[in-house]
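The values are calculated or read from the model by the stated rules, or taken from the named source; none is laboratory data. Source: prediction; values computed, not measured. Note that we place each Cβ from the backbone using ideal geometry, even for glycine, and neighbour counts take in every protein chain shown.
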Amino acid sequence: MTEPRVIRVMAVDDHPLMMAGIVGEINAQADMRVVAEASDGDEAIALFQKHRPDVTLMDIRMPKVNGIAAISSIREQFPHARIIVLTTSAGDVQAVRAFKAGAVGYLLKNLLRRELVETIRLVHKGQKRIPPEVAQQIAEHAADDSITSRELDVLRGVANGNSNKIIAGDLNISEHTVKNHLKNILSKLNASDRTHAVMIAIKRGFLDM
């Protein structure tokens, strides 16, 4: 009787304690093992090329190249790569970006202990996995007007604590234009003021602070 094939996993996360927990949980399973560990996107791309894992766990927020950029790069070279996003955020914008980049699974870090192993098995079988709360966020905002790249520039300036005058100077536009962008941003995000807009933008994944 032949032994069942072991699922080869690459784990990508820049937090040593998180990585240790993930690796320990996976290697405790009879049907899977960690074959590579990376702490940033550049390293993840290089190690994927070397090890060709069956499933990759990819953190989003990392130094150098972030997780979404790394997913895009890996999938360009290996279109059938099966990548699960690891994140603390249930924001719809970040999730949509991840799936557009080529992720096939999405896993919130507060659910790792309960769902990590099963999610790896499902994705290895060719299935997709998205938490219900993330799917709900995506559905709720599917018809929303999108935030433009220029509006995002203004929003980043607000998030950095800059005044309209400073934002205008940084972006080489008038203060009047900044005010118009802010008006549109508040409307699109259904925010009561600029601080509320930044909070919503971070929660949904428009801003990565």
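Given the criteria β-branched (Val, Ile, Thr), closer than 12 Å to Phe206 by Cβ and touching a residue at least 40 places away in the same chain (Cβ under 8 Å), does Val154 qualify?
Working: β-branched (Val, Ile, Thr): yes; closer than 12 Å to Phe206 by Cβ: yes; touching a residue at least 40 places away in the same chain (Cβ under 8 Å): no.
When the stated conditions are applied, Val154 does not pass them.
From the list Asp54, Asp31, Asp59, which residue is touching a residue at least 12 places away in the same chain (Cβ under 8 Å), closer than 19 Å to Val96 by Cα and touching a strand residue (DSSP E or B) at 6+ places or on another chain (Cβ under 7 Å)?
Asp59
Within segment 34-50, take every residue that is in contact (Cβ under 8 Å) with a residue 12 or more places away in the chain and exposed (fewer than 15 other Cβ atoms within 10 Å of the Cβ) and give me the one that is nearest to Asn66 (Cα to Cα).
Step by step, filter segment 34-50, then rank; the result is Gln49.
In segment 148-170, is there at least one residue being closer than 30 Å to Gly102 by Cβ and in a loop (DSSP other than H, G, I, E, B)?
Yes, some residue in segment 148-170 is closer than 30 Å to Gly102 by Cβ and in a loop (DSSP other than H, G, I, E, B).
Report whether or not Ala135 is of a type in the set (Gly, Ala, Ser) and surrounded by 15 or more Cβ atoms within 10 Å (Cβ to Cβ). Walk me through how you get there before you give the answer.
Values: of a type in the set (Gly, Ala, Ser): yes; surrounded by 15 or more Cβ atoms within 10 Å (Cβ to Cβ): no.
Spelling it out, it is not the case that Ala135 is of a type in the set (Gly, Ala, Ser) and surrounded by 15 or more Cβ atoms within 10 Å (Cβ to Cβ).
Is there a residue in segment 172-185 that is of a type in the set (Asp, Glu), over 23 Å from Arg97 (Cβ atoms) and at pLDDT below 95?
Our first condition is that a residue be of a type in the set (Asp, Glu); within segment 172-185, this holds for 175.
Adding the requirement that they be over 23 Å from Arg97 (Cβ atoms) leaves 175.
Now drop any that are not at pLDDT below 95, which leaves 175.
Scanning segment 172-185, I find at least one residue that is of a type in the set (Asp, Glu), over 23 Å from Arg97 (Cβ atoms) and at pLDDT below 95, so the answer is yes.
Given the conditions (1) outside any helix (DSSP H, G or I); (2) hydrophobic (A, V, I, L, M, F, W, C); (3) exposed (fewer than 13 other Cβ atoms within 10 Å of the Cβ), report the number of the one that Leu17 does not fulfil.
Going through (1) outside any helix (DSSP H, G or I); (2) hydrophobic (A, V, I, L, M, F, W, C); (3) exposed (fewer than 13 other Cβ atoms within 10 Å of the Cβ) one by one, Leu17 breaks only (1).
From the residues in segment 20-50 that are among the charged types (D, E, K, R) and part of a helix (DSSP H, G or I), which one is farthest from Thr87 (Cα to Cα)?
It comes out as Lys50.
Just one of the numbered conditions (1) assigned by TED's automatic domain parsing to the domain that holds Phe99; (2) farther than 30 Å from Glu115 by Cα; (3) polar (S, T, N, Q) is not true of Asn172; which one?
(1)
Listed residues Asn160, Asn172, Asn180; which is more than 25 Å from Val134 (Cα to Cα) and under 22 Å from the mean Cα position of the chain (by Cα)? Spell out the reasoning first.
Details: Asn172 fails: under 22 Å from the mean Cα position of the chain (by Cα); Asn180 fails: under 22 Å from the mean Cα position of the chain (by Cα).
Of Asn160, Asn172, Asn180, the one residue that is more than 25 Å from Val134 (Cα to Cα) and under 22 Å from the mean Cα position of the chain (by Cα) is Asn160.
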